[in-house]
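First the structure, in the form of structure tokens, and then the observations on it.
The values are calculated or read from the model by the stated rules, or taken from the named source; none is laboratory data. Because the structure is predicted, anything quoted here is derived from the model rather than measured. Cβ sites come from the backbone with ideal geometry, for glycine too, and all protein chains shown count toward neighbours. The accessibility values were calculated without ligands, DNA or RNA, using every heavy atom of the protein model including side chains. Shrake-Rupley method; radii C 1.70, N 1.55, O 1.52, S 1.80 Å.
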Amino acid sequence: MTMTPRRCLRGYASAILMAIALLVRPLPGQIRVNPTGVNVSGQSATTVFLTFGGLGGTYRAVEALWCGELESAVPDVGSRCNPATVYGRLPLQYNRSQLATGVFTDIMSIPASVARQAYDAAVRGETSSFFYVRRFVGSIGQPDQYVSVTCRLAGGGARVPLALTDVRLSFETDAPVLLVGAGESPSALTADIRYNGTGRLIGRWEIVRPGDEMPETRDLLTEATLAPTERGTQRRFEELSRFNVFLPPTGRTTLRGPDPSRLPVVGEGVYVILLRIEVSDDKEGDSNLAAAGAGSSTVHSGAVAGFPLPTLRYVVGTALTSPTTGGQSFRLLAPSADARLTPAQNVTFAWSVQTNVKMHRLEIETRDGERVFEAYVPGESRLYHPPSWLFERANGRPLRWRVLALGGDGRTVARTPWRTLLTDPSTTMPPEPCCTR
Amino acid sequence: MPGAILRAVLLLASAAQAASAQDAAIISRTARPDAWIAPNDTFDVVIQRRQEQRSARLAAVIGTTDVTALFTAHGDTLTYRANPIGLPAGEHKLTLYLVDYLNGWTELGEIPLRVRNRAGFETASVDPAIVFSSKGQMGAEPRPTPDVRHAPLEDVSVTAGLQSMHTREGVSLRTQANMLGGSNREEALRFAERPLDAPKIDLADYLVTVERGAGSISLGHVAFGQHRHLINGLTSRGASASAKWGPVATLSLAALSGTSVVGFNNLTGISDPDHRIAGGSLALELLPQRPGGLRVEATAVDGSILPVAGFGRSAIADAEASEGLGVRFQASDAGQRHRLEGGYSRSRSDYLPDSALSAGLRLPGVTRVARNAWYADLTTNLLRDVAMAGIPLTLALALRTERVDPLYRTVPLGVRSDVGSTEMDITGSIGAVAVRASVARLRDNLSRIPSLLTTDTKASSFGLEVPGSSLVRQAWFPSISVAVQRIHQAGRNVPVNSGFAETHVPDQLSAVASVAVQWMTNFWQLRVQANQSDQDNRQVGRESADLLNSSYVVSLGVTPSPRVALTMDVGIDGARNDESGEHLRTGRWSATSRLQPFDATTVSATYSNTSATEQVFGIEQANNDLRVEWQQRLPFVRLYRGNVPQAFIRYARQHFSSSGPIVDRVRQRSWSMNTGLTIPLR
């Protein structure tokens, strides 16, 4: 790949400017940033927590640009974007910056289209790194200051700040709003999360009951997205459960929601489930306040996100079933969630006791809703041994199962949430005991 | 004919054809085999079987449904009597099995069963439901700013649903719609999207489906796609149609909104051409006598989306467009011992101008490029139907390989591009004990661009599940699961002309281990879970930047009766940073109780306490939360069709305090008392 003299000159100029930016000691009153350089994903979006210090109460932040090259900002201070290489401006909807006590906290959310332009430049043989430049305007006639962060194109795994870039909450049924009969258990819920980096995802599932105040946008931000002084001041809601899981550097995870039996279903109305993410320790996302001239300690920002997290709703009461009592205690016992069933196992489906039940209906289907098998089981029974050819019908596909309790009129009294099963392909099963008890 | 007993007996020769065990079995039914019966007719099925088969239990299956429980067995006769559940309407085969411990399920034979529906082949049902709720705040401290307290019964909300089904001359029409509304705009469905003018009453979802024979058309909340790299189970508002030609071919077409939508605007979901995805697929079963034996499916997709995430999702989104073609195939041998699945797709994509990103600037933009993605999965059962010392053994091997080109994008899916991977997965079982192990290799920068970082990832995992109670048939013996994972990710080199230094290149080894032990009985369950992860940084200059995290949780649930449920959780988390010396400890315990002293009364209470401390940097956080709620159905107030209103009163109290090196001490105390009344109408 050949480089034209002009490109060579640009490359040298960029290198010199970078060297100047790194080596020259900041002048008093000069605005600084930390971190000054980060690895970012070359194929998808990236979010990074940045701290700017030295604003001195006389500067305010204005636009932020991404570009492939810097040029001197003289007579202003610092280096600004070369207008011919601008990749884009931080969209307003992702601008989560905050100014508090002279410290400017910025959340740099790089859309994939910006990384793509940098990737194209790398394919052309140009420098693959690009820059994020914040402009600060003085309020008392000082020159503007430009402060840049270097973004190095990487794979999005280790050494990239841990950040959430895409979060989707859904029930297993995939309905936008789930309808649940009073007393019935909702289906299981999950958060499908795409992220950069690696580390711990720590947080809690909360719920807003009918009549409770709804969360504000600020309450839905991850804790790491907030300025240090704002952390811990978000409103808390009723906690359903906590989680603390490790995210490997592979970019995608499915976080299981709280146990569906813990979701309140007695009172009718609209319930809102919240995913609350707490800050975690992540070396790549750390802001050194001393280096930025904004304090003396280090701010962690593991699990930062450039957007408020989505919420998930379910409505109790609109469903056409009319349950009686005790629905919340009706639950599945065995096999456990995600159990892997092999043909050799004597599989037994088991569920808890439920009163006023004439009949149970065990339903087994694929995750996309194709019914594989169902069985009616007498109301006094709570076990079922499936036929051997269940595995043939499953054909190795993941399954889910649940049990419906039917009343004397044949209507559903209560139902358990779905539970997933993994199966190995098979044609036969060894002998097993008889079917119902 | 309610209560009628049909006495005509017809022997079925087909009963003597299936398996060896049925050689001496003869099945008969007390009705002509071609006769239609009503769901509440009574009839007998008589099975004449050999003496040695008499100890086995009889089972009856219709299609995929075990209906044995709808029959009464006495000797060799199964008697069906009318019950509210009823037999499924239509023409079926009733298959009879012998079930015993030694031979499992043995098919005896089948007889035809033709059941009329309750309305004489035609159905018409309309089920509306509506719930009015009124709620308000009796008191709170501190008061919201501005004071927006709602007096009791001042804040009104409504949820409404409608389901209908109509069938006539083989054509069925099914509809379903759900709406939410309320006087408080903050509770509106689209408040997050339109905080100033979100409609107070809005459409959550709807679906209208017309079916005739093997064809169907749907409008509303539909799903489409089964290609891993092109479009896979996309669920959104739109229209879809499918038609089957016998067991051989299935054609599916769909047009959907680019993201999930709710509301009355954009009712069809496809009115905005800049935010619409259209696709079609044709699936062929090349061995129709053995579904899944050899299946080929071609898929085409064309779409563009605006930079919005959609309902229930948040993301850093771009405006983009793509068009792609894909092929997927599945093959398996007759015994399902070996299975192969693969797919190939080619997608042409680019990013579209976005005024929010360009903000009047002239951007270089990107060129539209076509890129490929493919995958192949091979699964083979090495051991099956094998037993050692009477213990069944299984062993299956899966090999997977996948490559997604750099810059490969398709609008309906967030495929991770510029990655090539291979994976080997082994699963097996010894009796009820299941074991799983896998190794995987991933690599990026597939185009080998010298100024980009190339990263290699090596991952391995091992899992073991021991369902103790199944093994020893004793409830006190726990189920145990163990999982271990190890991931090493490292940059291959320092890329040239990139801004990278040696210290910027990752080299990290992560190890995760978790153990869960669970006891479960009818009345209580106990789960003890431990999880630990170690992030070992090995890159130059960061050798000591290691993190060790641990999490321990104990959960106890007690359900002495359906009217009483108690749960308790205790958890301890630890996070240690070797470089800084930080060691954060978080402890939490919570208790929840739900009591139902009377049919119409439910009292629930939840208390949780969380505290976090870090001694080196002086971080302290504490939070405790108490909520008590009384739900009371009001059975003395009977509404239309027996509906019963419901009232609640809820007290909530919360304390929170926080202090640390950056922030001054923060203390918050709050309480609130809410009430509400719900009036359902169905």
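Taking region B:259-288, which residues are among the hydrophobic types (A, V, I, L, M, F, W, C), in a loop (DSSP other than H, G, I, E, B) and surrounded by 14 or more Cβ atoms within 10 Å (Cβ to Cβ)? First the steps, then the outcome.
Initially, region B:259-288 is screened for residues among the hydrophobic types (A, V, I, L, M, F, W, C), giving B:261-262, B:264, B:267, B:270, B:277-278, B:282-284, B:286-287.
Those left that are additionally in a loop (DSSP other than H, G, I, E, B): B:261-262, B:264, B:267, B:270, B:286-287.
If the condition is that a residue be among the hydrophobic types (A, V, I, L, M, F, W, C), in a loop (DSSP other than H, G, I, E, B) and surrounded by 14 or more Cβ atoms within 10 Å (Cβ to Cβ), then B:VAL261, B:VAL262, B:LEU267, B:ILE270, B:LEU287 are the ones that fit.
Using the structure shown, decide if A:PRO210 is buried (at least 21 other Cβ atoms within 10 Å of the Cβ), more than 10 Å from chain B (Cβ to nearest Cβ) and at pLDDT below 90.
Details: buried (at least 21 other Cβ atoms within 10 Å of the Cβ): yes; more than 10 Å from chain B (Cβ to nearest Cβ): no; at pLDDT below 90: yes.
No; evaluated as a whole, the condition is false for this residue.
Tally the residues that are free of Cβ contacts under 8 Å to residues at least 24 places away in the same chain and either crowded, with 17+ Cβ neighbours inside 10 Å or not in a strand (DSSP E or B) (or both), restricting the search to region B:224-239.
Within region B:224-239, the subset free of Cβ contacts under 8 Å to residues at least 24 places away in the same chain is B:233.
Keeping just the survivors that are either crowded, with 17+ Cβ neighbours inside 10 Å or not in a strand (DSSP E or B) (or both) gives none.
Looking only at that region, the number is 0.
If B:GLN336 satisfies every condition in (1) under 28 Å from A:LEU169 (Cβ atoms); (2) touching a helix residue (DSSP H, G or I) at 6+ places or on another chain (Cβ under 8 Å); (3) at the interface with chain A (Cβ under 9 Å from one of its Cβ atoms) but one, which is the exception?
Among (1) under 28 Å from A:LEU169 (Cβ atoms); (2) touching a helix residue (DSSP H, G or I) at 6+ places or on another chain (Cβ under 8 Å); (3) at the interface with chain A (Cβ under 9 Å from one of its Cβ atoms), B:GLN336 violates only (1).
Taking region B:465-489 only, how many residues are modelled with pLDDT of 95 or more and surrounded by fewer than 19 Cβ atoms within 10 Å (Cβ to Cβ)? Walk me through it before giving the result.
First, pick out the residues of region B:465-489 that are modelled with pLDDT of 95 or more: B:482-489.
Okay, now just the ones that are also surrounded by fewer than 19 Cβ atoms within 10 Å (Cβ to Cβ), so B:482-486, B:488.
Residues flagged as modelled with pLDDT of 95 or more and surrounded by fewer than 19 Cβ atoms within 10 Å (Cβ to Cβ) within region B:465-489 amount to 6.
Could you list, in sequence order, all residues of region B:311-333 that are open to solvent by 30 Å² or more (accessible area, probe 1.4 Å) and closer than 22 Å to A:ALA305 by Cα?
Hits for region B:311-333 are B:PHE311, B:ARG313.
Which residues, counting only those in region A:105-144, are open to solvent by less than 10 Å² (accessible area, probe 1.4 Å), away from chain B (no Cβ under 11 Å) and not acidic (Asp, Glu)?
A:THR105, A:TYR132, A:VAL133, A:ARG134, A:PHE136
Please work out if B:ASN372 is open to solvent by less than 30 Å² (accessible area, probe 1.4 Å) and either out of contact with any Gly (no Cβ under 6 Å at 6 or more places or on another chain) or facing another protein chain (nearest Cβ under 9 Å) (or both). It would help to see each step written out before you state the result.
Working: open to solvent by less than 30 Å² (accessible area, probe 1.4 Å): no; either out of contact with any Gly (no Cβ under 6 Å at 6 or more places or on another chain) or facing another protein chain (nearest Cβ under 9 Å) (or both): yes.
Criteria not met by B:ASN372.
Of all the residues that make up region A:44-71, how many are on the phi > 0 side of the Ramachandran plot and either at pLDDT 95 or above or in contact with a Leu (Cβ under 7 Å, 6 or more places away or on another chain) (or both)?
0
Filter region B:591-603 down to residues that are within 7 Å of chain A (Cβ to nearest Cβ) and surrounded by 15 or more Cβ atoms within 10 Å (Cβ to Cβ) and give me whichever is farthest from A:LEU263 (Cα to Cα).
The first filter runs over region B:591-603 and keeps only residues within 7 Å of chain A (Cβ to nearest Cβ), leaving B:594, B:596, B:599, B:602.
Now narrow it down to the ones that are surrounded by 15 or more Cβ atoms within 10 Å (Cβ to Cβ): B:594, B:596, B:602.
Working: B:ARG594: 12, B:GLN596: 16, B:THR602: 15 Å.
Step by step, filter region B:591-603, then rank; the result is B:GLN596.
Identify, by number, the condition in (1) open to solvent by less than 30 Å² (accessible area, probe 1.4 Å); (2) touching a Gly at 6+ places or on another chain (Cβ under 9 Å) that B:GLU193 doesn't meet.
Condition not satisfied by B:GLU193: (1).
Which one is nearest to the other protein chains (Cβ to nearest Cβ) among residues in region B:484-511 that are under 23 Å from A:SER148 (Cα atoms) and aliphatic (A, V, I, L, M)?
My answer is B:VAL505.
Please note which strands (runs of 3 or more DSSP E) are completely contained in region A:225-290 and include at least 3 residues that are within 8 Å of chain B (Cβ to nearest Cβ) and at pLDDT 90 or above.
Numbers: elements: A:238-247, A:252-256, A:269-278.
Where strands (runs of 3 or more DSSP E) fall fully within region A:225-290 and carry at least 3 residues being within 8 Å of chain B (Cβ to nearest Cβ) and at pLDDT 90 or above, they are A:238-247.
Take the residues in region A:145-174 that are more than 24 Å from B:TYR408 (Cα to Cα) and of a type in the set (Asp, Glu); name whichever of them is most open to solvent (accessible area, probe 1.4 Å). Walk me through how you get there before you give the answer.
Of all residues in region A:145-174, those more than 24 Å from B:TYR408 (Cα to Cα) come to A:145-150, A:169-174.
Now restrict to residues that are of a type in the set (Asp, Glu): A:172, A:174.
Details: A:GLU172: 57, A:ASP174: 39 Å².
Step by step, filter region A:145-174, then rank; the result is A:GLU172.
Among residues belonging to region B:446-463 that are part of a loop (DSSP other than H, G, I, E, B) and more than 7 Å from every other protein chain (Cβ to nearest Cβ), point out the one that is nearest to the chain's Cα centre (by Cα).
Checked region B:446-463; the qualifying residue nearest to the chain's Cα centre (by Cα) is B:LEU446.
Condition test on B:SER349, is it more than 9 Å from chain A (Cβ to nearest Cβ), open to solvent by less than 20 Å² (accessible area, probe 1.4 Å), under 18 Å from B:LEU306 (Cα atoms) and not β-branched (Val, Ile, Thr)? If you could, list the steps in order and put the result at the bottom.
Values: more than 9 Å from chain A (Cβ to nearest Cβ): yes; open to solvent by less than 20 Å² (accessible area, probe 1.4 Å): yes; under 18 Å from B:LEU306 (Cα atoms): yes; not β-branched (Val, Ile, Thr): yes.
In short, yes.
Determine whether A:ASP166 is assigned to a strand (DSSP E or B) and at the interface with another protein chain (Cβ under 7 Å from one of its Cβ atoms).
Values: assigned to a strand (DSSP E or B): yes; at the interface with another protein chain (Cβ under 7 Å from one of its Cβ atoms): yes.
When the stated conditions are applied, A:ASP166 passes them.
Pairs only if they're at least six apart or on different chains, beta carbon under 7 angstrom, first in region B:414-429 and at the interface with chain A (Cβ under 8 Å from one of its Cβ atoms), second assigned to a loop (DSSP other than H, G, I, E, B) and among the aromatic types (Phe, Trp, Tyr); list them, first residue then second.
Partner pairs satisfying both residue conditions: B:SER417/B:TYR408.
If a residue must be among the hydroxyl-bearing types (Ser, Thr, Tyr) and either open to solvent by 60 Å² or more (accessible area, probe 1.4 Å) or more than 10 Å from chain A (Cβ to nearest Cβ) (or both), how many such residues does region B:662-682 contain?
Narrowing region B:662-682 to residues among the hydroxyl-bearing types (Ser, Thr, Tyr): B:670, B:672, B:675, B:678.
Within this subset, residues satisfying the condition of being either open to solvent by 60 Å² or more (accessible area, probe 1.4 Å) or more than 10 Å from chain A (Cβ to nearest Cβ) (or both) are none.
Residues in region B:662-682 being among the hydroxyl-bearing types (Ser, Thr, Tyr) and either open to solvent by 60 Å² or more (accessible area, probe 1.4 Å) or more than 10 Å from chain A (Cβ to nearest Cβ) (or both): 0 in total.
For region B:396-413, enumerate the residues that are open to solvent by less than 60 Å² (accessible area, probe 1.4 Å) and in a strand (DSSP E or B). Spell out how you get there, then give the answer.
Within region B:396-413, the first condition is being open to solvent by less than 60 Å² (accessible area, probe 1.4 Å), and the residues that meet it are B:396-398, B:401-402, B:404-413.
Matches in region B:396-413: B:ALA396, B:LEU397, B:ALA398, B:THR401, B:GLU402, B:VAL404, B:THR410, B:LEU413.
Listed here are the residues, each with its yes/no results for (1) at pLDDT 85 or above; (2) at the interface with chain B (Cβ under 7 Å from one of its Cβ atoms); (3) touching a strand residue (DSSP E or B) at 6+ places or on another chain (Cβ under 9 Å); (4) part of a strand (DSSP E or B).
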position	(1), (2), (3), (4)
A:PHE307	yes, yes, yes, no
A:TYR314	yes, no, yes, yes
A:LEU320	no, yes, yes, no
A:THR324	no, no, yes, no
A:GLN328	no, yes, yes, no
A:LEU333	no, yes, yes, yes
A:ALA337	no, no, yes, no
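Here's the yes/no breakdown for (1) more than 9 Å from chain A (Cβ to nearest Cβ); (2) touching a residue at least 12 places away in the same chain (Cβ under 8 Å); (3) open to solvent by 20 Å² or more (accessible area, probe 1.4 Å):
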residue	(1), (2), (3)
B:GLY574	yes, yes, no
B:PHE617	no, yes, yes
B:LEU626	yes, yes, yes
B:ARG650	no, yes, no
B:GLY660	no, yes, yes
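Is at least one residue of region B:572-584 within 30 Å of B:ARG650 (Cα to Cα) and touching a strand residue (DSSP E or B) at 6+ places or on another chain (Cβ under 8 Å)?
Step one: list which residues in region B:572-584 are within 30 Å of B:ARG650 (Cα to Cα), which gives B:572.
Now narrow it down to the ones that are touching a strand residue (DSSP E or B) at 6+ places or on another chain (Cβ under 8 Å): B:572.
Yes: one or more hits.
Taking into account only those residues within region A:71-104 that are open to solvent by less than 20 Å² (accessible area, probe 1.4 Å) and within 31 Å of the chain's Cα centre (by Cα), which is farthest from the other protein chains (Cβ to nearest Cβ)?
Once the filter is applied, the top-ranked residue is A:PHE104.
Based on this model, can you work out whether B:LEU207 counts as of a type outside the set (Val, Ile, Thr) and open to solvent by 20 Å² or more (accessible area, probe 1.4 Å)?
Values: of a type outside the set (Val, Ile, Thr): yes; open to solvent by 20 Å² or more (accessible area, probe 1.4 Å): yes.
Yes; evaluated as a whole, the condition is true for this residue.
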